[in-house]
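See below for the structure under consideration.
Computed from the coordinates by the stated procedures, all read-outs in this text should not be read as laboratory data. It should be emphasised that the depicted structure is a prediction, and the values quoted were computed from it without experimental measurement. In this analysis, Cβ positions are derived from the backbone assuming ideal geometry, glycine residues included, and neighbour counts consider all displayed protein chains.
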Amino acid sequence: MFSPLLQTLLGAFCLCSFITHHQEPAAALSLAIIMGGGGGDEMGDTSMELQADKTIKTRNVVEHTVIFQFKPNVTDKVKQDIVDGLWSLDEQCREQVQATSLGYILHPEQAKGAAIGLYMRFFSKEALQEYMNGGPKSKVVDIMIPHMTGEITVDFESQIEDNENSVYRKGKAFAGGIEHIVYIKVKERTSQDAIDEMVKALNDLNFAPELSSLLVQITAGANFCKVDNRYTHAFVARCPSVEAVQSFSSHPYYIDVFSKKVLPILEASLTADYVVDRVRRLTALL
């Protein structure tokens, strides 16, 4: 049996997840993030061994996630122009950006009204900062700002298997599906050990046989974005379909991990899911 609190959370969601926001972080929304963002120290070694399997090599990656909130009178055409502009950054910034996905958020009410979600992968914090400071991004931002009320950004480091499909999110498994983004704010004075256990437990979902048909890849880590600290952690899960997101979010294995490792230290959370309608393929594979 689930605890009364967890049962309440499970009953509150219609599609995406049982961990949509249940408490508002105190900080106000700011457009400064899309103007600046990023930051932090350089990463260390990019190749190491997974604790789950000593024979599997991994590398560090930087995950950049943003959800964009728009004024009520913004038309669908304007939103589509913004989506196209964001996709153009993937092409213009290939030296920095290794993988991209974006789309319209399925349930804006679960994402503080955000309408569009963006995910990008980088190999280092330095590459992310180069992208944030670059001219192509600034041009898209100039187009977006008049139509926006705010946005939320979480940047984090994680580890993935060091193979081409996993690193660049290529192949049939990544050709479509749903991007499931969850922002987490842990309670103050939570021990580092408890935080580390939460992050490890979320990343280890990659190796759960019970979830193999529902989960393409999941990455989790601590937010290092200097200009947006409303959420302390995040995870991004690629699921192959809407049905897979539903099954993943309600799966006993995932619920057990969440209830034991996340819920005890959780102060607030937010969920944003969007359909991936386009994924960049490397020129060499076209």
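Report the charge-dipole magnitude of the range 47-194 in Debye, nearest 20, computed about the Cα centre from +1 at each Lys and Arg Cβ and -1 at each Asp and Glu Cβ.
I would put it at about 240 debye.
For Asp277, put the label point 7 Å out on the Cα→Cβ axis and report which residues of the range 97-128 keep their amide N under 19 Å from it.
Only 100-109, 114-120 pass the distance filter.
Which of the peptides 98-110, 157-169 is most tightly packed, and how do the rest follow, going by the mean number of other Cβ atoms within 10 Å of each residue?
Peptide ranking by packing, descending: 98-110, 157-169.
Given the peptides 70-82, 111-123, 191-203, arrange them by the average over their residues of other C-beta atoms within 10 Å, most packed first.
So the peptides 70-82, 111-123, 191-203, ranked by packing, come out 111-123, 191-203, 70-82.
Using the Karplus equation 6.51 cos²θ - 1.76 cosθ + 1.60 (θ = phi - 60°), what ³J(HN,Hα) coupling, rounded to whole Hz, does each residue of the range 240-253 give in order, writing x for Gly and Pro?
Karplus-based 3J(HN,Hα) across the range 240-253 equals x, 6, 4, 4, 5, 4, 4, 5, 4, 5, 10, 6, x, 5 Hz.
With charges set only on the Cβ (+1 for Lys and Arg, -1 for Asp and Glu), what does the dipole of the range 124-221 come to about its Cα centre, in debye to the nearest 20? Don't skip to the end; give the middle numbers.
Details: 10 positive and 16 negative charges, 71 e Å.
Using only the charged Cβ atoms, the result is roughly 340 debye.
Over 27 Å between Cα atoms: which of Lys139/Lys226; Lys71/Lys261; Lys79/Lys137; Lys71/Lys125 fall into that group?
Correct reply: Lys71/Lys261; Lys71/Lys125.
Compute the Rg/Rh shape ratio of the range 220-281: radius of gyration over Kirkwood radius, all on alpha-carbon atoms.
That ratio equals 1.01.
Lys77: which aspartates and glutamates have alpha carbons under 19 Å from its alpha carbon, excluding same-chain residues fewer than 8 sequence positions away?
Asp142, Asp277
Within 10 Å, count the other beta carbons around each residue, average over each peptide in 235-241, 252-258, and list them highest first.
In decreasing order of mean packing, 235-241, 252-258 become 235-241, 252-258.
Among all the lysines, which ones have a C-alpha under 17 Å from Lys260's C-alpha, if same-chain residues fewer than 8 places away are not counted?
Output for Lys260: Lys185, Lys187, Lys200.
Does the range 46-205 come out rounded, prolate or oblate, given a ≥ b ≥ c as the square roots of the eigenvalues of its C-alpha gyration tensor, rounded meaning a/c under 1.5 and, failing that, prolate meaning a/b above b/c?
Prolate.
With θ taken as phi - 60° and the coefficients 6.51, -1.76 and 1.60, list the Karplus ³J(HN,Hα) couplings across the range 70-84 in order, rounded to whole Hz; mark glycine and proline as x.
Whole-Hz 3J(HN,Hα) from phi for the range 70-84: 10, 5, x, 8, 6, 7, 4, 5, 4, 4, 5, 4, 5, 4, 4.
Relative contact order of the range 129-259: what whole-number percent is it, with Cα pairs under 8 angstrom and at least 6 residues apart?
Contact order relative to length: 31 percent.
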